Number of protein chains: 2
Amino acid sequence: MKTFIFQKKPFIEQALLLERLIPNRNPNPLLTYLGLVPGKGALTFFGSNGEVDLEVRLPVEGAEEGPRVLVPAAPFFGLLKGLPGEEVHLRLDGPSLELASGRFRTRLGLAGAEDYPQLVFLSPAGESANHPGEGAFPEEVTLEAEDLLLLLTRVRYATSNDEYRGVFRGVLLELRPKGIRAVATDGYRLALFERDEPRGEGLKAIIPGRTVDEMVRLLRGKRGPVTLAFGQGRVGLALRDGEAQIRLAALLMEGEFPDYERVIPKDFVLQATFEAEAMREALKRLMVLADKEAHRVDLLLQGERAVLSAEGAYGRGEEEIPIEAQGKPLSLSYNAKHLLEGLSPIEGRARLGLSGPTSPSLLLAEEERGYQAVVVPLRV
Amino acid sequence: MKTFIFQKKPFIEQALLLERLIPNRNPNPLLTYLGLVPGKGALTFFGSNGEVDLEVRLPVEGAEEGPRVLVPAAPFFGLLKGLPGEEVHLRLDGPSLELASGRFRTRLGLAGAEDYPQLVFLSPAGESANHPGEGAFPEEVTLEAEDLLLLLTRVRYATSNDEYRGVFRGVLLELRPKGIRAVATDGYRLALFERDEPRGEGLKAIIPGRTVDEMVRLLRGKRGPVTLAFGQGRVGLALRDGEAQIRLAALLMEGEFPDYERVIPKDFVLQATFEAEAMREALKRLMVLADKEAHRVDLLLQGERAVLSAEGAYGRGEEEIPIEAQGKPLSLSYNAKHLLEGLSPIEGRARLGLSGPTSPSLLLAEEERGYQAVVVPLRV
């Protein structure tokens, strides 16, 4: 019978994390509900899309422990966003939830939470987790939110979107003696990004691409340390945002990640540097003309210029960009989309190392250490 | 063999009008092309989606008459938007079109224009139209762009989207001795907007909803006089935007528009005024809870307040808004979506006149003369 009082704006900001995650339809209709648990001094909201579980815990003065309940997520969020007042009064009253703000009040029916899956999150020391997460994630590292965000976003593009490609659909995280590394590949190109910290003794985990996307959403704009943890074939992430405590948990992928180090070329017949943005712009223009399957674009690299061209059903286009090249002139073809995505994280100048017209090429950023992309040329 | 030189920005702005119109796919593949006609001192671009025809004429120094040609629209616009330079060089050279800008150049294949429909636009005196529009639109009026925009946008929402509703899918324009009037109705609600100018002797024309949308796109942000013309079952619109001359033509709808004046109520048992925005906000919140078919919301109007409520599968909501009412207390139900849309053009205070719990209600804007909306209450 307790009434919880929130300031609307920060409350909505956190609640929207769950709105994005909770599905509107699902074979398991319970997943379309938002969960609530009143706890000591806090109210916890939780939800899941069946792949990724998420929990947001907000401090509320005077809150006391109560049973977990489920509220239909779509109308709850729809109403929440439109509330007229600055304050939100939320009251759990037996089989219903009352929401009042300004002159508006509503009563939503609740569903019992008995059949909702028990979500397991990592539980930092000294915090009551509301869920039995104790010891579920024994391998734990702490890193800066911005660093984890970079690790995930720099390589995410290279994963496969194909439903049947197994581990190619995930991002490999490796804790190595030299530092942490993220790797993704779809077999045609590869992206790798590494940081000196944190270090580890060979922990490897493959996080599904869609889980990576949810982690990226949580991490965007955040600062300060976050906890990343692994255990029982699962990954956990915990962070704070102002007064809110946010936790995510998801299954890792099973399987062996390919031996990616052997495809990274070490010797080059030609190395060229150029403005990444100029190359990206030229590739975007030429992609309009290239065939829609292989997105083939031809490059001739020679001395101080690269000539890019593409030809398709509509016609032909050509563009020259200035480069600084060392080595033999070389002519080769790429999937423009792969080259463009490999260049996407690079600001300023890029370095392209060619090992031959049909063997893998290496892309580096001149100004940001840690990023490497491998793109395999098209066989002509 | 002539090269036309354009400044990229204004050229693109006008070209994009055609990009939005020209379909990517069409049973008639010729409609996926953009047409070009070099004329004396100008280059004319044209296109059609089969319902609405559009022409944009841009002055180009030294241009001379040439045959009309077709270029595949999607790659042309795709390339145009990504061009690197400030200037665009466009060259028609036999079977191909060359586009060059900065370090980029491309050559697109042209298609012959023999089989493309001959588009007919209104041709203002003293201008060469490139198309045989002479005398095709004998009934012509001039009005301000902003006034025509208001006439169309104030009533557009009330048309039917149902494929089989005939004239209910269009907006009626009437040139009357008292002024010009626009009317739309789907049989459940009606919107009417009128201006004192221009006047006429009973010309009536029903413009299809989708054509209205294209006219609205052309008129947005424009100032100054525009020409609206009718003839041979067609509507024509001509306007200027900077140096560009823009013309639209489309078929009118056939059929008799219903006798709408008889459904506008004249006598009221209760009249109430209120802030339109407060009512809209309350309706939006309650619509979240209302059933998804009839969007039923109940109103109780009495003295100084209106109590709105809705109930559906998820629960019940209620909100009170302050009103000033004269007449007997009345309780009735509306489709919240219809009431919301009827209120949508109203800024400041609205006036609602009720003729009874099941007979049509009238909505007016207190501050903008000319707008009337009729909403029929739901039978409970």
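Tabulated results
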read-out	value
Residue count for the range B:52-62, restricted to those that are part of a loop (DSSP other than H, G, I, E, B) and open to solvent by 20 Å² or more (accessible area, probe 1.4 Å)	2
Of the criteria (1) modelled with pLDDT of 95 or more; (2) within 30 Å of A:GLY66 (Cβ to Cβ), which one A:GLY126 fails	(1)
Odd one out for A:GLN245, checked against (1) under 26 Å from the mean Cα position of the chain (by Cα); (2) polar (S, T, N, Q); (3) within 14 Å of chain B (Cβ to nearest Cβ)	(3)
A:ALA272 in contact (Cβ under 8 Å) with a residue 24 or more places away in the chain, part of a strand (DSSP E or B) and within 14 Å of chain B (Cβ to nearest Cβ)	no
Criterion (open to solvent by less than 70 Å² (accessible area, probe 1.4 Å), at pLDDT 95 or above and part of a strand (DSSP E or B)) met by exactly one of A:LEU237, A:LEU218	A:LEU237
Answer from B:GLU65, B:GLU86 - the residue that is surrounded by fewer than 20 Cβ atoms within 10 Å (Cβ to Cβ), more than 15 Å from B:LEU248 (Cβ to Cβ) and modelled with pLDDT under 90	B:GLU65
So B:LEU151, is it in a strand (DSSP E or B), crowded, with 16+ Cβ neighbours inside 10 Å and touching a residue at least 24 places away in the same chain (Cβ under 8 Å)	no
Boolean, B:PRO75 is open to solvent by less than 10 Å² (accessible area, probe 1.4 Å) and either within 13 Å of chain A (Cβ to nearest Cβ) or touching a helix residue (DSSP H, G or I) at 6+ places or on another chain (Cβ under 7 Å) (or both)	yes
Strands (runs of 3 or more DSSP E) lying entirely in the range A:288-343 (those with 2 or more residues that are at the interface with chain B (Cβ under 10 Å from one of its Cβ atoms) and in contact with a strand residue (DSSP E or B) (Cβ under 8 Å, 6 or more places away or on another chain))	A:305-311, A:315-322
Any chance B:ARG280 is among the basic types (Lys, Arg) and surrounded by 15 or more Cβ atoms within 10 Å (Cβ to Cβ)	yes
Selected residue (criterion: modelled with the highest pLDDT) from residues of the range A:326-374 that are among the acidic types (Asp, Glu) and within 22 Å of the chain's Cα centre (by Cα)	A:GLU341
Members of the range B:352-369 that are in contact (Cβ under 8 Å) with a residue 40 or more places away in the chain, among the aliphatic types (A, V, I, L, M) and out of contact with any Pro (no Cβ under 6 Å at 6 or more places or on another chain)	B:LEU352, B:LEU354, B:ALA365
B:ARG199, sole failed condition from (1) surrounded by 14 or more Cβ atoms within 10 Å (Cβ to Cβ); (2) assigned to a loop (DSSP other than H, G, I, E, B)	(1)
Subset tally (residues that are assigned to a loop (DSSP other than H, G, I, E, B) and touching a residue at least 40 places away in the same chain (Cβ under 8 Å)) for the range A:221-234	4
Residue count for the range A:241-264, restricted to those that are at negative phi, surrounded by fewer than 17 Cβ atoms within 10 Å (Cβ to Cβ) and not hydrophobic (A, V, I, L, M, F, W, C)	8
Residue in the range A:90-97 that is of a type in the set (Ser, Thr, Tyr), surrounded by fewer than 16 Cβ atoms within 10 Å (Cβ to Cβ) and more than 26 Å from A:THR211 (Cβ to Cβ) present	no
Search result, residues across the range B:291-303 that are modelled with pLDDT of 95 or more and not hydrophobic (A, V, I, L, M, F, W, C)	B:HIS295, B:ARG296, B:ASP298
Residues of the range A:87-119 classified as of a type in the set (Asp, Glu) and assigned to a strand (DSSP E or B), total	3
Test: B:GLY112 is more than 8 Å from chain A (Cβ to nearest Cβ), out of contact with any Gly (no Cβ under 8 Å at 6 or more places or on another chain), open to solvent by less than 50 Å² (accessible area, probe 1.4 Å) and more than 23 Å from A:ARG305 (Cβ to Cβ)	yes
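The values are calculated or read from the model by the stated rules, or taken from the named source; none is laboratory data. Owing to the predicted nature of the structure, the values given are computational and were not obtained by experimental measurement. Here Cβ is always computed from backbone atoms with ideal geometry, including for glycine, and neighbour counts include all displayed protein chains. Surface areas here come from the heavy atoms of the whole protein model, side chains and all, with no ligands, DNA or RNA. Shrake-Rupley method; radii C 1.70, N 1.55, O 1.52, S 1.80 Å.
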